[in-house]
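Every read-out reported here was derived from the displayed coordinates using simple, explicitly stated rules and does not represent laboratory data. Since the model is a prediction, treat every value here as computed from it, not as a measurement. Virtual Cβ from ideal backbone geometry, glycine too; neighbours counted across all protein chains shown.
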Amino acid sequence: MDDQSHQNSATENEMDHIEVIIGRILQIGVVVAAVIMLFGLILLLVHGGNGGYPVGHQPTTISAIISGTVALKPYAVMMVGMFCLIITPVLRVVVSIYAFYKEHDTLYVWITSTVLIILCISFIIGHTV
Amino acid sequence: MYPDTPIFTYPDNQKYAKVGEVDFTDSTREEFIMIQTMLIMMGVGLFAGIAGAILGLGGGIIITPVLTLMMGLDIKYAIGASIIAVIATSSGSTIAYLKDEVLNLRVAMFLEIATTIGGIAGALLTGVLDPKYLYLLFGALLVFSGWNMWRKLRRGQESLNNVKADPIATKLKLNGSYFDKAELKRVDYQVEQVPQGFLVMLGAGLASGMLGIGSGAFKVTAMDTFMKMPLKPSSATSNLMMGVTAAASATVYFFNGSILPNIAVPLALGILVGAVIGSRIMQVLPARVIRIIFIPVILFIGLQMLYKGIIGG
């Protein structure tokens, strides 16, 4: 009984610790994404027009986005911001694996790694189908 | 190099080309329309973010009709914008939840296996499985869940003391506790019917992967109705999971040009702010109030799906 309650409180402390780490990293990720998107939006307002691309076009390849960002084209910067936003949940999964590992929770290292692997598979399927 | 992606524009005969005495030149007028669109998107986003964070939903139910019906945007771009909206709601709300421990990370990760596998199955079965039956099945499930929630509301049993933890839940350390800021006390809860919840999640992943809707509604249903978790952790955990599930498909939309930056960026910024606010409101709202808002919403989504199933997708 004592052992059980001790185990429970240990699990709670573990979770607190994990949540603080993950929370902090995620906050930074989301703020970075928001700042880049906002910067792109301000660029668009300042330059006006079509975001630095012909009407009806936006950069969709990695190379076009990178070269557009270097040239400070509003749409390219906005795409970078959205890309950062899209990867924040994936980042959360990766960080969770590390956090569970730090807390010696092998079961959840496996569970969370499985989630990451399935995510990668669905990413590949999404880009081939 | 670029796919043909016409950017959304207003019709030419807009009345506000002239304001007062000033004749706007074409570029000034374009600038005006652009700023107007941005502000509308931010406003819609703010509202959708607050609502989504409180209810644990992705906000597609608000965003898709606004974009398609009110703003005349093609459905392809509306879907692209709402997938960004789902991720923004998820990320914005979980920033606040993680510090306040409302969400259950282990439940999220365990059930995430089911939704992601379901999502892959959905992608592979597109064209094989008739969406009609999925609409009927999952529409009925949501209506059942709405009815079940209404019964819970009438009995006034927000805090369930008689829930027996599933042995699987104990093994997987899924039982949790959170501090309820409305009742000002710590609520410990047990998780029941883990296999059933897992199955519903599998189906939910399949349905939302194939039909593109209900990403949050099914998740809250699985946790609240089947696994007997309290509503607040269900909503918060649903918000966390939505973003992870959406991330894989979001990259597809990102690279095929369905996500228009001039629409999705102001929308996402509005949602991020809204979701941060919404998740704080959610914590101080009594669970009962959240349930009262939730029931008509889930019934509406469910009936809409049943309708689509009956008229044949």
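For region A:49-100 versus region B:24-78, the inter-centroid distance based on Cα atoms is 20 Å. On full extension, the segment bounded by B:Leu39 and B:Arg154 gains 37.3 nm, given 0.36 nm per residue less the C-alpha separation. Taking the Cα centre of the protein assembly as shown as reference, the dipole from Cβ charges on Lys and Arg (+1) and Asp and Glu (-1) amounts to some 820 debye. Compared with the dominant principal axis of the Cα atoms in chain B, helix B:287-311 is inclined by about 70°. Only helical runs count toward this figure. For chain B, summing -39,500 (n - 2.57) over DSSP H runs of n ≥ 4 and dividing by all residues gives -23000 deg cm²/dmol at 222 nm.
Between B:Asn256 and B:Lys164, how high is the FRET efficiency from 1/(1 + (r/R0)^6) when r is the Cβ-Cβ distance and R₀ = 60 Å? Nearest 0.05. So the FRET efficiency works out to roughly 0.80.
For the pairs B:Lys152/B:Lys308; B:Lys171/B:Lys228; B:Lys152/B:Lys232; A:Lys102/B:Lys181, note any where the Cα-Cα span goes beyond 25 Å. Where the Cα-Cα span goes over 25 Å, the pairs concerned are B:Lys152/B:Lys308; A:Lys102/B:Lys181. Cβ-to-Cβ counts within 10 Å put B:Met71, A:Met78 in ascending order as B:Met71, A:Met78, the fewest first. In this simple spin-label approximation, B:Thr126 and B:Val289 carry label points 7 Å from Cα along the Cα→Cβ vector, and these lie 4.1 nm apart. Sequence-distant contacts, meaning Cα pairs under 8 Å at least 6 residues apart, place the relative contact order of region B:15-311 at 39 percent. Here r is the Cβ-Cβ distance between B:Leu303 and B:Ala182 and R0 is 45 Å; the resulting FRET efficiency, rounded to 0.05, is 0.90. Per-residue mean of foreign Cβ neighbours for B:83-90 is 3 (Cβ atoms of other chains, 10 Å radius).
Can you give the Kirkwood hydrodynamic radius for the protein assembly as shown, in Å, rounded to one decimal and based on Cα pairs? Value: 22.3 Å, from the Cα pair sum. List the residues of region B:259-295 whose backbone N lies under 14 Å from a point placed 7 Å from the Cα of B:Asp74 along the Cα-to-Cβ direction. B:259-261, by backbone N distance to the label point.
Legend: mean number of C-beta atoms from other chains within 10 angstrom of residue C-beta atoms, peptide A:99-105, equals 1. The C-alpha atoms of chain B define a longest principal axis, and helix B:75-100 lies at about 50 degrees to it. Against chain B, whose longest principal axis comes from its Cα atoms, helix B:194-211 is set at around 20 degrees. Ordering B:241-252, B:128-139 by mean Cβ neighbour count within 10 Å, with the highest value first, yields B:241-252, B:128-139.
For chain B, a Gaussian network of Cα nodes joined below 10 Å ranks B:Val276, B:Val289, B:Val44 by mean-square fluctuation, and the top entry is B:Val289. Other protein chain C-beta atoms within 10 Å of residue C-beta, averaged over B:104-116: 6.
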